[in-house]
Amino acid sequence: MKAIIIAAGMGNRLLHLTQDTPKCLLKINNKPIIEHQLEIFKSLGISDISIVKGFLKDQINYPGTKSFTNDDYQNNNILASLMYAESEIDDEVIISYADIIYEKEVVEKLINAPGDVSVVVDIDWKKGYVDRKNHPIEEAENVVIEGGSIKRIGKHLTADESNGEFIGIFKLSKNGANNWRNIYNEVKEKFGDGQFQQAKTFKKAYLTDLLQELIDRNHQVNSVDIHGGWIEIDTIEDLKRAGGTITSTKITPEAKRGLLRNILADKGFARVMEAHNGISAIVASNAVISETKKTFDALWVSSLTESAAKGQPDIEIMGPDSRLKTVEEVLAVSNKPVIIDGDTGGDPNAFEYFIRKAESLGASAVIIEDKVYPKRNSLDPESKQTLEDPNVFAEKIKRGKSALLTDQFMIIARIESFIAGKDITDAISRAQKYLEAGVDGIMIHSKSKEPDEVLEFAKEYKKLTKQTGIIKPLVCVPTTYDSIKESKLQKAGFNIVIYANHSLRASVKAMEEACKKILESGRAKEIDKKLTSVEDLFDLVGFSDIKNKDKNNND
Ligand code: SPV
Ligand code: MG
């Protein structure tokens, strides 16, 4: 008997905990999840074990195991991951997810199960979802069983129509393994990029999609019934319930500082969310779409929202030390790279002071705008917008660049020509000057309701990069022209898209609603459902971790 453990995925729902640790290495009772599995397999005499790795593959090292790599883990899914170990699916084999902990008896029962395809199903599965808030029951991989064999399987099945949940471990006999391989290769050929079973594309298929295919072709798929005895680790809540260790991953300011350049080199694109204090940084950093694994790549410490959070207008009156304090607050609670809105940068001496401190704190970039100090917010239609002489601004960039200690920190020039009513010629000629002064990127700003100005700029910018040979990232802030999708902006040549004020605006509206509801009702109950619970708030800011430590100290 062999075993294959599929450990390629990113585990995004565990948020910062899996930012630089593969999910299977998170610890339950002081032991990585995968080691629990390896110990059980070995104790049951299974020594031929393969691990399919992907995300942070070099961290998963277990001597005596075979290793396979899915380098495309960001674009494919668990079935594709498994098939990187196709050569191992040639004999009796147990296949397991890497994020489940099960008791030895579960595996024993599976080993002893007859038949070509045996799938472990928890019949008491609903119990596992009681008080499991962050992983709704709808996400279970359910099964419909008739006379001991599985007829339907997948996340699409509702709780009401299902008899149990597939826990993520199953077994193929030698014959079953041959069928699995053959059918996989046949459907791969047939479906290519098209829909396959419940998967939108074949590449994104789950194990359950191929299991359903086997069933549809009249292969017998047996249910190995269990009653609990396992737990899946999908969210921080799951990890806590399983007795996991929840420590935030540590990252030095040096490592954090270089993250933005790494992301740009790696993906060529960064999606950025504003943060104006610790809690908004935590919320933005934790945001994830579990299906697509989409997250924000970096945080923007906006002058508009930081001033507004302090109840002040955005007119460059927050001193550098106050701005840096917010930057520090954001960096302290997030592992995302931070881009600072540096306003005009002030006079060159103030700018040097500011960026030296920002660089040493671990921020990744500053964006300064080519207006005269003290600026007025760019989105206001009535304010006078006074542009700086581009040659004076280029000098400030040069001063800034030479003040830096590292080449990780980026200085990005923000062109305000459109904001000040100037045209594309002015904007492009400024871009050329700033690029020649050594800037690390260009931001073009616009307060138009349509993206036309920035798209025209992107077109001309492309020509400029060809002409000068200087290729630097292009940034935009789609606040007023919010109907264009970021994919279109990316296609047009933008490398950084900043959502510059949306969390603050969302929170003001929510606060207004809560205040009003409480006044109207004479109590808080009516607004309660719209509020983050106190318990969730505790979790967000790491209070649960402190409570655990307190408990351990008192024991
Ligand atoms: C900010 O977020 O502070 C900005 C962008 O600078 S804008 O408000 O559009 O000027
Ligand atoms: Mg600003």
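Where a number appears in this text, it was derived from the coordinates with a stated rule and is not lab data. Bear in mind that the values here come from a model prediction, so they are computed numbers and not experimental data. Neighbour counts run over all protein chains shown; Cβ positions are idealised from the backbone, glycine included.
A compact table of results
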quantity	calculated
Angle between the chain longest axis and helix 320-333 axis [Cα atoms, degrees, rounded to 10]	0 degrees
5 angstrom amide H check on ARG414, placed H, neighbours 5+ away	ILE368, GLU369, ASP370, MET443
Long-range tail of P(r) for the stretch 271-340 (Cα pairs > 13 Å, %)	60 percent
Vicinal HN-Hα couplings computed from phi for the stretch 525-535 (Karplus, 6.51 cos²θ - 1.76 cosθ + 1.60; Hz; Gly/Pro x)	4, 5, 9, 3, 5, 8, 9, 5, 5, 4, 4
Cα-based radius of gyration of the stretch 449-523 once divided by 2.2 N^0.38 Å, which approximates compact folds	1.69
Ranked packing of 225-232, 160-167, most packed first, by mean Cβ within 10 Å	160-167, 225-232
In nm, spacing of pseudo-spin labels at ASP124 and GLU186 (7 Å Cα→C-beta vector)	4.0 nm
Zone residues, the stretch 434-474, relative to ASN262, backbone N less than 14 Å from point 7 Å out along Cα-to-Cβ	none
Residue among GLY438, ALA242, ILE100 farthest towards the positive dipole end of the chain, charges placed on Cβ	GLY438
Isotropically averaged projected area of the chain, using the convex hull of Cα atoms (one quarter of hull area), nm²	29.9 nm²
Span from the the stretch 66-112 Cα centroid across to the the stretch 172-204 one, whole angstrom	15 Å
Relative intensity, log₁₀ I(q)/I(0), of the stretch 38-114 from a Debye sum that treats every alpha carbon as a point, q = 0.11, 0.27 Å⁻¹	-0.31, -1.47
In degrees, nearest ten, helix 502-521 long axis to first principal axis of the chain (Cα)	80 degrees
Cβ charges +1 (Lys, Arg) and -1 (Asp, Glu), total dipole of the chain, debye	860 debye
Mean shadow area of the stretch 1-83, taken as a quarter of the surface of its Cα convex hull (nm²)	5.6 nm²
Ascending count of other beta-carbon atoms within 10 Å, so fewest first, for ASP20, ASP193, ASP341	ASP193, ASP20, ASP341
Nearest-0.05 FRET efficiency for THR158 and ASN553, computed from C-beta distance (R0 51 Å)	0.65
Potential extension, LEU519-ALA332 segment - 0.36 nm per residue separation minus Cα distance	63.7 nm
Estimated FRET transfer efficiency when R0 is 25 angstrom, pair THR201-SER87 (beta carbons, to 0.05)	0.55
Assigned charges on the beta-carbon of Lys, Arg, Asp, Glu; the stretch 27-105 dipole about Cα centre (debye)	400 debye
Cα-centre dipole for the stretch 420-541 with unit charges at Cβ (Lys and Arg positive, Asp and Glu negative), debye to 20	280 debye
Built amide H within the under 5 Å cut-off of THR69, gap 5+	LYS53
In degrees, nearest ten, helix 207-216 long axis to first principal axis of the chain (Cα)	40 degrees
Neighbour-count ranking [beta-carbon atoms within 10 angstrom, fewest first] of LEU157, LEU379, LEU210	LEU379, LEU157, LEU210
